[in-house]
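Engineer: Below: one structure in structure tokens.
The values are calculated or read from the model by the stated rules, or taken from the named source; none is laboratory data. In this text, all values refer to a predicted model and were calculated from it rather than measured experimentally. Here the Cβ positions follow ideal geometry from the backbone for every residue, glycine too, while neighbour counts run over all protein chains shown. Ligands, DNA and RNA are excluded from the accessible area calculation, which covers all protein heavy atoms including side chains. Shrake-Rupley method; radii C 1.70, N 1.55, O 1.52, S 1.80 Å.
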Amino acid sequence: MFRFEEPAYLYLLLLIPILVVGYIYLRYQRKKALLRFGDPELLASLMPEVSVYRPNVKFVILLFAVTLFPFLLARPQFGSKLETIKRQGIEVMIALDISNSMLAQDVQPSRLEKAKRLVAQLVDKMENDKVGMIVFAGDAYTQLPITSDYISAKMFLETINPSLISKQGTAIGSAISLAARSFTPQENVGRTLIIITDGENHEGGIEEASKLVGEKNIQINVLGVGLPEGAPIPEAGTNDYRRDREGNVIVTKLNEQMCQEIAKVGNGIYVRVDNTNNAQKAIAKEINKLAKADVETQVYTEFNEQFQVIALVILILAVIETLILMKKNPLFRHITLFSK
């Protein structure tokens, strides 16, 4: 595993563009000043030993060295020892509906984007817990196996969109069954499945799957995204909405009754996701009620410093920059780098 011990020093890289702009400006001013003295070709013949390109070469070399310096200060490290440690936490599986109806915009910016932001907020508040993600439409697939790598969780979350599953529908039963098999075999740890859906066009098997989860002491919480009065589904790449075979605009409505039934069978809560943050607060409060147990996590506990390599490269660049003289050297007239 690679990391920086002091990543704040990487902000020094923001100074690099300023150095480049400053150098270009000084070169421009120098060229402008020389033009006041006469024709450039005539001046070049009067100063045959002055190199035109060496200052640029020296600056590029120096710029590379300066660019590497923040990485040196940030102390790059590679993990060398992987250990299994125990922390107090719970396991959370998130099943996210990515059917086309989740593109409706009765919740801003859309049902799916609102759901993704809510999940990101939940992950941000996790410390020692494990999280996994399942996406479902007409089928259900594991997007992220249960893990304590929150950075990867948010990266996978960003890639979620309806195109991941071509078969349309809302296979909540399949998602619940898949989630039941996705938790770790560890005992006495609090587990919850959070289903985020609008509940429309759901397929069968929900009650049976919910009972299976209940037998494993997995709590099911449901977040219903959208409004009961519904909204049309935007047609990608157009200003129009999806229509049925008769040409009528399709209106997708939140199926709250079905969502409430699932939460009841799963001994959890149902919360409607609207344009406020109330749903995030309610589900976070419910999660905190779960019993925390020792969750095993593999982490790197020893890191080897790698800054020595960068320091050596910077030293070599500094020596090369020093050896390149500003004036032409007769010994190197036939070498392109030094003769121009």
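Engineer: If I filter the range 228-271 down to residues being of a type outside the set (Gly, Ala, Ser) and more than 23 Å from residue 168 (Cα to Cα), which single residue comes out as least open to solvent (accessible area, probe 1.4 Å)?
Structural biologist: Ranking the qualifying residues of the range 228-271, first place goes to 271.
Engineer: Could I ask something else about it? For the range 304-325, what are the residues that are under 19 Å from residue 74 (Cβ atoms) and not polar (S, T, N, Q)?
Structural biologist: Step one: filter the range 304-325 for residues under 19 Å from residue 74 (Cβ atoms), giving 304-315, 317.
Within the range 304-325, 305, 307, 309, 310, 311, 312, 313, 314, 315, 317 qualify.
Engineer: What's the number of the only condition in (1) open to solvent by 10 Å² or more (accessible area, probe 1.4 Å); (2) within 18 Å of residue 226 (Cβ to Cβ); (3) within 23 Å of the chain's Cα centre (by Cα); (4) polar (S, T, N, Q) that residue 168 fails to meet?
Structural biologist: (3)
Engineer: Can you name the residue in the range 72-88 that is open to solvent by 60 Å² or more (accessible area, probe 1.4 Å) and more than 30 Å from residue 189 (Cα to Cα) and, of all such residues, is modelled with the lowest pLDDT?
Structural biologist: 78
Engineer: Across the range 191-211, which residue is farthest from residue 142 (Cα to Cα) among those that are touching a Lys or Arg at 6+ places or on another chain (Cβ under 9 Å) and open to solvent by 10 Å² or more (accessible area, probe 1.4 Å)?
Structural biologist: Only one residue tops the list, namely 200.
Engineer: Test each condition in (1) closer than 27 Å to residue 139 by Cβ; (2) in contact with an Asp or Glu (Cβ under 9 Å, 6 or more places away or on another chain) for residue 229 and report the one that comes out false.
Structural biologist: Failed condition: (1).
Engineer: Give the residues of the range 108-118 that are outside any helix (DSSP H, G or I), under 22 Å from residue 153 (Cβ atoms) and either among the hydrophobic types (A, V, I, L, M, F, W, C) or open to solvent by 30 Å² or more (accessible area, probe 1.4 Å) (or both), sorted by residue number.
Structural biologist: 109
Engineer: In the set 224, 214, which member is within 11 Å of residue 265 (Cα to Cα), in contact (Cβ under 8 Å) with a residue 40 or more places away in the chain, surrounded by 15 or more Cβ atoms within 10 Å (Cβ to Cβ) and not charged (D, E, K, R)?
Structural biologist: 214
Engineer: Additional query: Tally the residues that are over 31 Å from the mean Cα position of the chain (by Cα), hydroxyl-bearing (Ser, Thr, Tyr), surrounded by 12 or more Cβ atoms within 10 Å (Cβ to Cβ) and modelled with pLDDT of 85 or more, restricting the search to the range 3-58.
Structural biologist: Number of matching residues: 1.
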